[in-house]
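To start, the structure under review is shown below, and the notes come after it.
Nothing in this text is a laboratory measurement; each read-out follows from the coordinates by a stated rule. All of these numbers come straight from a predicted model, not from anything done at the bench. Note that each Cβ is placed from the backbone with ideal geometry, even for glycine, and that neighbours are counted across all protein chains shown.
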Amino acid sequence: MTQTYTPGRTLRSSADTSILSTPRVNTKSFGERSFSVSAPLVWNSLPVTLRHSASSGSFRTGLKTHLFSLAYT
């Protein structure tokens, strides 16, 4: 469903292997809300330290902290 981003050339962004590619959609109403489009957008908006968490427990804790900081600042 999701694919990692692989640039055509060597770029500075190619060092981060946790970036997902966002597919292009033709329909505006349903396409942008599909999982294959919205999941990479949400994943790529997370901080790099959170995307590279060592375990699922540390990811959940970091995600909770990140979402609370977005909501209350």
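Summary table
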| item | result |
| --- | --- |
| Whole-Hz couplings from phi, Karplus 6.51/-1.76/1.60, listed for the stretch 58-69; x for Gly and Pro | 5, 5, 4, 5, x, 5, 4, 5, 5, 5, 5, 5 |
| Rounded to whole Hz, the Karplus (6.51, -1.76, 1.60) HN-Hα couplings of the stretch 49-57, x for glycine and proline | 4, 6, 5, 9, 4, 6, 9, 5, x |
| Highest-first arrangement of 33-44, 55-66, where packing means the average Cβ count within 10 Å | 33-44, 55-66 |
